[in-house]
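Asks: I'd like to ask you about the structure that follows.
The values are calculated or read from the model by the stated rules, or taken from the named source; none is laboratory data. Here the structure is a predicted model, which means the values were calculated and not measured. Note that each Cβ is placed from the backbone with ideal geometry, even for glycine, and that neighbours are counted across all protein chains shown.
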Amino acid sequence: MEKNTATVIPNSLPVSFSDRFRSREALLLGLIAIVVVVNSLLSPYFLDVYNLLDSTQNISEKAMIVLTMTLVIISREIDISVASIIALSGVLMGAAAAHGADTWMILLVGLGTGTLAGLFNGLLVTQLELPSIIVTIGTMSLYRGIAFIILGDQAYTSFPASFEDIGQTYLVNGMIPTQLIAFVFFAIIFWIVLHKTIYGRRLYAIGNNPVGARYSGIRVNNYRLVLLTLNGVASAITAIFLVSRIATSRPNMAMGWELEVITIAILGGVSIFGGAGKITGVILAVLLIGLVQFGMQLINVPGVIMSIITGLLLIISLVLPIILSMFYKRRRA
Amino acid sequence: MNRKLIFAVLAIFALSLFSSTGFAKDLKIALVVKNLGNGFFEASNRGAQEAAKELGGVEVIYTGPTTPTAEGQIEIIRSLIAQKVDGIIISANDPDSLVTITKRAMQRGIPVMSYDSGINSQGRIVHLAPSDSKFIGYQQVELMGQAIDYKGEFAIVSASSQATNQNEWIGFMKEALEKDAKYKDMKLVAVTYGDDQTDKSYREAQALIRKYPELKGIEAPTSVGFPASGKAVIDEGKVGSIYVTGLGLPSEVAGYVKKDVVKNFALWNPVDLGYSSVYIMKSLINKEIAGKNGDVVKAGRMGDIPVREDGLMVMGSPFVFNAENIDEWSPVF
């Protein structure tokens with residue numbers, strides 16, 4: 001192996017063991033271990049396979065958007081309209097169901113709405129050269145606003161049984177929720193795309209230097225358009241699982257999820273300035289947040305305090321590596 | 001070194017597994033309310049705790065989402081199932097959406113009952129209604145009539161648009177207005193939804209006052225919307241020309257009775273409601289009743305409460321408060 005590196009240009013700089021030990025993934029693994037130990041001491045019901053698998057149902061829904069959001073942030077864009085896209089496609093699916101559409105039709109409506117909403121974001125960003133943060137602040141209000149106009153303060157609560165099965169089915173002895181299977185499936189796909197294909201490498205190039213990437217012959221705007229559209233599709237998939245699980249759609253659902261999704265991505269080591277981040281880190285961050293939230297639910301911690309702790313985790317995970325590196329530098333000097 | 005670390009983590013794991021098994025055996029009954037920070041439910045919790053103390057060996061877990069949504073309650077019930085509580089008492093934010101998760105609870109052997117605001121009958125064993133919905137609806141119209149001399153426009157500031165109980169009462173209020181000639185000069189001009197949030201209810205009431213200059217009365221069948229509407233009437237300078245009535249807590253409404261914004265209002269006693277619920281749940285857990293028509297629960301100081309058709313149980317008729325008796329009741333709840 002070592003002899004080959006002399007003749008082939010390596011994909012990355014050589015990584016030593018201590019580098020791995022200080023990586024974001026190691027930090028997250030450490031935090032996960034701490035959370036598991038603390039939670040299992042706090043509640044006797046934490047280390048239960050049924051409970052743990054069941055608790056993935058909720059976080060897996062958000063995690064599907066985290067995956068595409070990771071690609072978006074790596075290429076130096078952002079999309080804060082995702083939760084509003086969930087609400088809009090959720091409400092339209094509800095409307096379709098209320099008008100007697102069958103399950104396939106409802107799915108088509110949901111996915112279509114998400115795709116169009118994402119495409120609209122993408123077109124504004126690429127055709128008018130607007131910054132994605134501004135565009136999606138606008139569409140965040142726009143999409144949820146449309147949902148409110150359609151439905152007002154009401155809610156749709158009747159769906160075909162086969163549609164509800166999508167989000168309410170557990171496979172393998174009633175243990176594994178469909179959401180988890182979908183997340184694992186998408187995680188593998190996006191891991192391959194980002195780390196094993198030329199498209200993935202180009203995303204890093206775009207994120208590190210969009211102008212440079214363009215001069216190297218990458219159609220940067222095409223990538224942006226596809227990524228933002230993909231984010232809309234992922235939001236629609238989340239909406240399908242969410243709506244079918246709770247059999248309700250209303251305009252104020254998934255409120256604040258965009259922040260949670262972005263938080264998880266940043267926690268997973270994706271650089272908010274673009275150009276850096278790994279799917280493995282993001283998956284670990286999903287796991288960490290999921291375990292923290294589940295643990296707090298088990299000891300009946302109110303939702304407000306949960307969001308405080310999620311915020312603290314984000315800050316800790318950002319600050320800790322900086323402090324550690326300062327510490328290492330001082331020791332070397 | 002790495003191997004030692006892994007071993008240490010595993011050892012802590014194993015230890016925590018063992019330490020968590022031995023456990024004391026109070027019956028754990030969860031009281032899931034529509035949302036936390038709502039005076040009505042805080043009062044019902046006091047009654048529940050009182051019953052728990054009387055019965056002995058019962059621990060009541062008081063919990064609920066921060067905003068009154070079905071999604072929030074679904075998450076909470078999921079974690080209660082994971083905690084293997086012995087029984088769940090719930091005031092539902094949506095009669096349909098919760099059925100899936102409460103069925104799951106019952107499959108795992110956890111009896112579920114609703115109180116105050118019901119779940120559809122396949123999602124619970126019994127429902128304890130505070131009073132007969134028809135009686136409440138007719139009584140509210142009568143109270144409004146007394147306040148505005150049976151003449152003029154009035155509007156409703158309700159809780160959320162899916163709230164089971166509020167919608168039933170409003171239905172019967174409309175029926176009373178239609179059927180009884182006594183109310184022929186009274187006109188219901190609008191039904192709005194404050195979602196049991198103080199700020200939203202306040203804004204809805206304010207909007208009503210501005211939109212309908214001829215408005216004579218506001219009816220709020222919710223303990224959150226009621227004081228918020230009273231505040232709006234004062235802030236808009238309509239004291240003496242618009243009267244507020246509804247269902248509210250004496251302690252929260254007393255100030256508005258003193259300021260002549262409220263002439264009369266009604267409520268059943270939430271303390272009794274929580275108290276009776278715990279007694280009923282205990283009988284369900286101990287399989288003393290099956291929730292069938294004809295079963296009777298001995299509910300401590302509340303006497304015998306029979307189970308009617310479809311698992312319905314009824315506590316009694318609402319009590320009317322006015323300027324004469326408010327001082328007596330406002331310190332109570």
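Asks: State whether the residues of segment B:70-77 include one that is among the polar types (S, T, N, Q) and either under 30 Å from A:Leu47 (Cβ atoms) or within 14 Å of another protein chain (Cβ to nearest Cβ) (or both).
Replies: Taking segment B:70-77 as the starting set, the residues that turn out to be among the polar types (S, T, N, Q) are B:73.
Right, trim to either under 30 Å from A:Leu47 (Cβ atoms) or within 14 Å of another protein chain (Cβ to nearest Cβ) (or both) and you get B:73.
The answer is yes; a qualifying residue exists.
Asks: Select from segment B:177-201 the residues that are surrounded by fewer than 21 Cβ atoms within 10 Å (Cβ to Cβ) and part of a helix (DSSP H, G or I) and list them in ascending order.
Replies: B:Leu177, B:Glu178, B:Lys179, B:Ala181, B:Lys182, B:Tyr183, B:Thr198, B:Asp199, B:Lys200 - these are the residues of segment B:177-201 that are surrounded by fewer than 21 Cβ atoms within 10 Å (Cβ to Cβ) and part of a helix (DSSP H, G or I).
Residues checked against (1) part of a helix (DSSP H, G or I); (2) of a type outside the set (A, V, I, L, M, F, W, C); (3) in contact with a strand residue (DSSP E or B) (Cβ under 8 Å, 6 or more places away or on another chain):
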| residue | (1), (2), (3) |
| --- | --- |
| B:Gly217 | no, yes, yes |
| B:Phe226 | yes, no, yes |
| B:Ser229 | yes, yes, yes |
| B:Ile234 | yes, no, no |
| B:Val239 | no, no, no |
| B:Ser251 | yes, yes, no |
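Asks: Tell me which residues, restricted to segment B:33-69, are over 14 Å from the mean Cα position of the chain (by Cα) and among the aliphatic types (A, V, I, L, M).
Replies: B:Ala51, B:Ala52, B:Leu55, B:Val58, B:Val60, B:Ile61
Asks: Every residue in segment A:243-272 that is among the β-branched types (Val, Ile, Thr) and either within 14 Å of chain B (Cβ to nearest Cβ) or within 17 Å of A:Val286 (Cβ to Cβ) (or both), please.
Replies: Selection gives A:Val243, A:Ile246, A:Thr248, A:Val261, A:Ile262, A:Thr263, A:Ile264, A:Ile266, A:Val270.
Asks: Next up: Please work out which residue is surrounded by the fewest Cβ atoms within 10 Å (Cβ to Cβ), limiting yourself to segment A:33-51 and to residues that are at the interface with another protein chain (Cβ under 7 Å from one of its Cβ atoms) and part of a helix (DSSP H, G or I).
Replies: Here the residue is A:Leu41.
Asks: Evaluate the following for A:Arg201: is it farther than 21 Å from A:Ser23 by Cα, part of a helix (DSSP H, G or I) and charged (D, E, K, R)?
Replies: no
Asks: Here is a list of conditions, (1) free of Cβ contacts under 8 Å to residues at least 60 places away in the same chain; (2) touching a helix residue (DSSP H, G or I) at 6+ places or on another chain (Cβ under 9 Å), and A:Thr56 meets all of them except one; can you say which number that is?
Replies: That leaves (1) as the condition not met.
Asks: Give the number of residues within segment B:55-69 that are within 12 Å of another protein chain (Cβ to nearest Cβ), surrounded by fewer than 22 Cβ atoms within 10 Å (Cβ to Cβ) and at pLDDT below 90.
Replies: 3
Asks: Is it the case that segment B:84-98 has a residue that's surrounded by fewer than 21 Cβ atoms within 10 Å (Cβ to Cβ), at the interface with chain A (Cβ under 9 Å from one of its Cβ atoms) and either touching a residue at least 12 places away in the same chain (Cβ under 8 Å) or under 16 Å from the mean Cα position of the chain (by Cα) (or both)?
Replies: Yes.
Asks: Would it be correct to say that A:Ser162 is surrounded by fewer than 17 Cβ atoms within 10 Å (Cβ to Cβ), touching an Asp or Glu at 6+ places or on another chain (Cβ under 9 Å), of a type in the set (Gly, Ala, Ser) and part of a helix (DSSP H, G or I)?
Replies: In short, yes.
Asks: If you don't mind, there's one more thing I want to ask. Return the only residue of A:Gly200, A:Gly207, A:Gly167 being surrounded by 19 or more Cβ atoms within 10 Å (Cβ to Cβ) and more than 30 Å from A:Ala247 (Cβ to Cβ).
Replies: Being surrounded by 19 or more Cβ atoms within 10 Å (Cβ to Cβ) and more than 30 Å from A:Ala247 (Cβ to Cβ) holds for just one of A:Gly200, A:Gly207, A:Gly167, which is A:Gly207.
Asks: Continuing with this model, one more query. For segment B:300-313, give me each residue that is surrounded by 18 or more Cβ atoms within 10 Å (Cβ to Cβ) and either touching a residue at least 40 places away in the same chain (Cβ under 8 Å) or hydroxyl-bearing (Ser, Thr, Tyr) (or both).
Replies: B:Ile305, B:Val307, B:Gly311, B:Met313
Asks: If you don't mind, another one. Need pairs with beta-carbon distance below 7 Å; first residue in contact (Cβ under 8 Å) with a residue 60 or more places away in the chain and not assigned by TED's automatic domain parsing to the domain that holds B:Tyr193 and within segment B:57-81, second in a helix (DSSP H, G or I) and small (Gly, Ala, Ser); sequence gap 6+ or separate chains.
Replies: These pairs meet every condition: B:Val58/B:Ala52; B:Val60/B:Ala48; B:Val60/B:Ala52.
Asks: In segment A:53-75, how many residues are within 9 Å of another protein chain (Cβ to nearest Cβ) and more than 18 Å from the chain's Cα centre (by Cα)?
Replies: 1
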